Amino acid sequence: MSCCETSGDSSSDVGESVFIVKFKIGSDAIFNANELPKEEKLAIGILEVQGAFNEHHVALRKAQKCLNIPDLEIIGVRHPDHVSDKIDGFIIPGGESTTISLFLKRNKIDEPLRKWIDTKSHVTWGTCAGMILLSKQTENQKIGGQPSLAEMDIDVLRNFFGRQINSFEAPVKLKKKKVF
């Protein structure tokens with residue numbers, strides 16, 4: 001079984017996989033990796049402000065290998081000029097949504113990003129904090145609210161499992177010496 005078959009639909013009797021991502025907000029944009037012309041470059045922007053942007057780099061490289069995408073360019077976005085039509089898709093990673101939203105606003109990335117998302121052919125994906133930033137309605141905001149891109153017609157409940165400050169790591173002692 002190929003690495004793509006676990007996340008895609010097997011669409012033929014020879015075991016080819018179709019990988020379809022439909023994340024465009026408010027339109028019908030679909031990315032089908034099997035329909036991408038082999039000579040065409042695919043450019044994905046990742047907001048590299050804070051949080052899990054490196055994990056998205058790794059996942060995109062794995063997808064590139066798995067889907068045989070010959071020319072994938074990953075563009076780190078940290079400045080308004082980085083948001084351009086050169087980018088085919090955009091990822092807003094998880095992290096701390098308040099920190100990311102303040103960075104976007106203070107560095108004037110929020111409006112160019114909003115305009116980019118509103119373009120029909122653009123695909124956008126937000127994970128965790130990225131989803132919070134994309135949502136039109138956010139519950140459990142900090143006092144005074146939180147800046148948002150307000151592009152996705154969803155209601156998000158922040159800190160559903162508790163605040164990050166309450167997260168922790170601790171050593172665990174196991175009674176048995178052999179775990180596996």
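Restricted to region 73-148, the set of strands (runs of 3 or more DSSP E) holding at least 2 residues that are under 15 Å from the mean Cα position of the chain (by Cα) comprises 89-92, 123-126.
Pairing residues of region 165-177 that are within 17 Å of residue 96 (Cβ to Cβ) and surrounded by 10 or more Cβ atoms within 10 Å (Cβ to Cβ) with residues that are acidic (Asp, Glu) and modelled with pLDDT of 70 or more, at Cβ distances under 8 Å and at least 6 apart in sequence or on separate chains, gives no pairs at all. Looking only at region 38-72, residues that are under 11 Å from the mean Cα position of the chain (by Cα) and part of a strand (DSSP E or B) come to 4 in all. Of all residues in region 102-157, those satisfying the criterion of being surrounded by fewer than 20 Cβ atoms within 10 Å (Cβ to Cβ), without any contact (Cβ under 8 Å) to a residue 60 or more places away in the chain and hydrophobic (A, V, I, L, M, F, W, C) are 102, 103, 116, 131, 143, 150, 154, 157.
Residue-wise test of (1) closer than 17 Å to residue 124 by Cα; (2) modelled with pLDDT of 95 or more.
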site: 39; (1), (2): no, no
site: 47; (1), (2): yes, yes
site: 52; (1), (2): yes, no
site: 63; (1), (2): yes, no
site: 75; (1), (2): yes, yes
site: 83; (1), (2): yes, yes
site: 91; (1), (2): yes, yes
site: 99; (1), (2): no, no
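Here is a yes/no grid of residues against (1) more than 16 Å from residue 50 (Cβ to Cβ); (2) among the β-branched types (Val, Ile, Thr); (3) modelled with pLDDT of 85 or more:
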{"site": "94", "(1), (2), (3)": "no, no, yes"}
{"site": "106", "(1), (2), (3)": "no, no, yes"}
{"site": "144", "(1), (2), (3)": "yes, no, no"}
{"site": "147", "(1), (2), (3)": "no, no, no"}
{"site": "168", "(1), (2), (3)": "yes, no, no"}
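The values are calculated or read from the model by the stated rules, or taken from the named source; none is laboratory data. None of these values were measured; they are calculated from a predicted model. Neighbour counts are summed over all protein chains in view; Cβ atoms, including those assigned to glycine, are modelled from backbone coordinates with ideal geometry.
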